[in-house]
Structures are given as structure tokens and as C-alpha cells.
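K.L.:
A single structure is presented below for examination.
The values are calculated or read from the model by the stated rules, or taken from the named source; none is laboratory data. Computed from a prediction, not measured in an experiment: that's the story for all the values here. Here the Cβ positions follow ideal geometry from the backbone for every residue, glycine too, while neighbour counts run over all protein chains shown.
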Amino acid sequence: MIFVFFTASSTKLPTYVFPSFLSLAIITAVLWDDFLKKDPAGGAINGTKTSYYLLPLIVALGSVGALIYIYIDYPAILGGVAISCIFLAFGFCLSLIAFINKKFIISLSLIIYSLAIFLYPLSALVLPVIERYETSKEISLKLSSLMKPGERIASESNYLAGISFYAGKIPTDIDKHHALVQFLNSEGRVWCVLKDKNHRDLYDPKVSPDHVKPSYMVYKLGKRSIVTNEIPRGGLYILKRERPK
């Protein structure tokens, strides 16, 4: 229930699913304990064996899918992830061979060893890189450092929950085109977090017929950017966008 609930939720902080780990560990331990003690002819034992035979296939397919995703969105870490996946697949193949030869303790030990080799570089090197782009923590902290008291902030729907959590302020939802146009045309300085593509489309007459005041991108992280409707204090910004004359 914990896993299903937070899979459906809009925010997915790792700490949300921690309570499920203990239950999963106990369930896994009980299944292995039953498997090692009982007659393999039992129905539950046969089910465990079948699921184990499917495990290397699932790992292989999952690794290929992960590598394709990394190649498209995070090419800089593709090499490290590929090496980790090779070690994981190799360890699971050895575990399967041990399982077929009924060396069940060795088989289980190889799974644990393979996952340890796989998860350490994943958690220490890969996830921190992905976290910068997939969570709103860094961009929210940057937004908080730029804005002054009384200035309004806004965000596209996908980033609302994360920015509210990290910035400590509820943004206006600018997911709709008219809401974004109205917000950037506001009097006084405002700030918004949106995809760079959507910011660019605002000034394309073929995409957006509405008039929008010039705006300034002051920070960019992955596909997201921080935009303000007035020249930033100090005059520093990445680029200025306005309607072509």
C-alpha cells in the first residue's frame, strides 16, 4: 500500500517509501526460509522457482531500458551505469547457474553480492547527478536566493509541489498558457519556473499570438529555467527573450 500510494502521488521523495523496506525484507526472508526447508514439489516452492528463473530476464530487460533512458536524458553518466549493469547481469547469471545446480545458499549470496556492487556506485555517483535534474531542490534554493520579500513566484504544475516544499512558499500555477502570459505581464517583479521550451514558445508568433513583455532567464538546470519579467538586479542574466520586431 505504501508503494502504490506514493507511486500515484505527485511528489516522490525517497524517504516516503522507507517504511515498506522492513516489510519487504521480512517477506523475502520468509520465502527463502520456506524454500530452503520445504519439499520443492510444493506449489509455493514451484512458484518461487519459476519467479527466480524469470529474475535474470527481468534484470536484463530493466538494464536495457535504464541504459536507453540514461542515454537520452543523462549521457554523461552512461558509461558508469553500463558498467554497473554488466556487473549486475553477470552476478545474476552466476546466481542462476548455482540455483539450477541446487546450491541455493550460494545462489542467494550471489544475488546479495551483485546488488551490493550495483547499488553502491549507483547511490554514491549516479543518483546525486540525476537528483539535480529530477528534483526541485536545487532550483528552489536558487529561486529563494534571488527573490526578495513580497515578490511573487509561479511554476508549471509538474514543479509546484517540489518548489512549495523546498522554497517554503506556494507558487501560482502557470501551467495554462493564458496564466503564464498574465503572470509575466504583471506589474512589479515576478519569478517563475518553467521549461525552457515553453519560455521560448512564448515569443514565437506562430505558437503564441499573445503579447508578452520581455523576460529574462537568470538560471537554467536541465530543461527547467528561472525567469523574471524585469532586468535582474546587477544586470546579470543568461538571455533576454522578446518579440521579434
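K.L.:
Which residues, counting only those in the stretch 151-176, are out of contact with any Phe, Trp or Tyr (no Cβ under 6 Å at 6 or more places or on another chain), in a loop (DSSP other than H, G, I, E, B) and hydrophobic (A, V, I, L, M, F, W, C)?
P.N.:
170 - this is the single residue of the stretch 151-176 that is out of contact with any Phe, Trp or Tyr (no Cβ under 6 Å at 6 or more places or on another chain), in a loop (DSSP other than H, G, I, E, B) and hydrophobic (A, V, I, L, M, F, W, C).
K.L.:
Which condition from (1) assigned to a helix (DSSP H, G or I); (2) at pLDDT 85 or above; (3) over 14 Å from the mean Cα position of the chain (by Cα) is the one that residue 148 breaks?
P.N.:
All conditions are met except number (1).
K.L.:
Being outside any helix (DSSP H, G or I) and under 23 Å from residue 196 (Cα atoms), is that true of even one residue in the stretch 118-133?
P.N.:
No, the stretch 118-133 has no match at all.
K.L.:
Quick check on the stretch 217-229. Is at least one of its residues farther than 19 Å from residue 146 by Cβ and aliphatic (A, V, I, L, M)?
P.N.:
Scanning the stretch 217-229 turns up no residue that is farther than 19 Å from residue 146 by Cβ and aliphatic (A, V, I, L, M).
K.L.:
Take the conditions closer than 19 Å to residue 145 by Cβ, surrounded by fewer than 19 Cβ atoms within 10 Å (Cβ to Cβ) and modelled with pLDDT under 90 and apply them to residue 243. Does it pass?
P.N.:
No.
K.L.:
Give all pairs with beta carbons closer than 9 Å in which a residue from the stretch 165-185 that is without any contact (Cβ under 8 Å) to a residue 12 or more places away in the chain meets a residue that is part of a helix (DSSP H, G or I) and buried (at least 16 other Cβ atoms within 10 Å of the Cβ); count only pairs at least 6 apart in sequence or on separate chains.
P.N.:
Sorted first by the residue in the stretch 165-185, then by its partner, the pairs are 170/160; 170/163; 170/164.
K.L.:
Might you let me know whether the stretch 115-135 holds any residue that is modelled with pLDDT of 90 or more and either within 30 Å of residue 36 (Cα to Cα) or exposed (fewer than 14 other Cβ atoms within 10 Å of the Cβ) (or both)?
P.N.:
Looking through the stretch 115-135, none of the residues is modelled with pLDDT of 90 or more and either within 30 Å of residue 36 (Cα to Cα) or exposed (fewer than 14 other Cβ atoms within 10 Å of the Cβ) (or both).
K.L.:
Let me ask something else. Based on what the data block shows, is residue 219 among the hydroxyl-bearing types (Ser, Thr, Tyr), in contact with a helix residue (DSSP H, G or I) (Cβ under 7 Å, 6 or more places away or on another chain) and surrounded by 14 or more Cβ atoms within 10 Å (Cβ to Cβ)?
P.N.:
Answer is yes for this residue.
K.L.:
Also, I was wondering about something else. Go through 116, 66, 89, 124 for me and flag whichever is touching a residue at least 12 places away in the same chain (Cβ under 8 Å), aliphatic (A, V, I, L, M) and out of contact with any Pro (no Cβ under 9 Å at 6 or more places or on another chain).
P.N.:
Matching residue, one of 116, 66, 89, 124: 66.
K.L.:
Mind listing just one residue for me: the one in the stretch 42-64 that is among the β-branched types (Val, Ile, Thr), over 14 Å from residue 93 (Cβ atoms) and modelled with pLDDT of 80 or more and, of those, surrounded by the most Cβ atoms within 10 Å (Cβ to Cβ)?
P.N.:
Selected residue: 64.
K.L.:
For the stretch 196-215, how many residues meet the condition of being surrounded by fewer than 16 Cβ atoms within 10 Å (Cβ to Cβ) and part of a strand (DSSP E or B)?
P.N.:
Of the residues in the stretch 196-215, 0 are surrounded by fewer than 16 Cβ atoms within 10 Å (Cβ to Cβ) and part of a strand (DSSP E or B).
K.L.:
Surrounded by 11 or more Cβ atoms within 10 Å (Cβ to Cβ), more than 29 Å from the chain's Cα centre (by Cα) and at pLDDT below 80: which single residue out of 34, 39 fits that description?
P.N.:
So the residue among 34, 39 that is surrounded by 11 or more Cβ atoms within 10 Å (Cβ to Cβ), more than 29 Å from the chain's Cα centre (by Cα) and at pLDDT below 80 is 34.
K.L.:
Scan 193, 218 and give me the residue that is outside any loop (DSSP other than H, G, I, E, B), under 22 Å from residue 236 (Cα atoms), of a type in the set (Val, Ile, Thr) and in contact (Cβ under 8 Å) with a residue 60 or more places away in the chain.
P.N.:
It is 218.
K.L.:
Still on this structure, please answer the following. Going residue by residue through the stretch 95-105, is there one that turns out to be within 34 Å of the chain's Cα centre (by Cα) and basic (Lys, Arg)?
P.N.:
Checked against the condition, which is being within 34 Å of the chain's Cα centre (by Cα) and basic (Lys, Arg), the stretch 95-105 yields no hits at all.
K.L.:
For the stretch 209-245, how many residues meet the condition of being among the charged types (D, E, K, R), within 15 Å of residue 198 (Cβ to Cβ) and over 26 Å from the mean Cα position of the chain (by Cα)?
P.N.:
2
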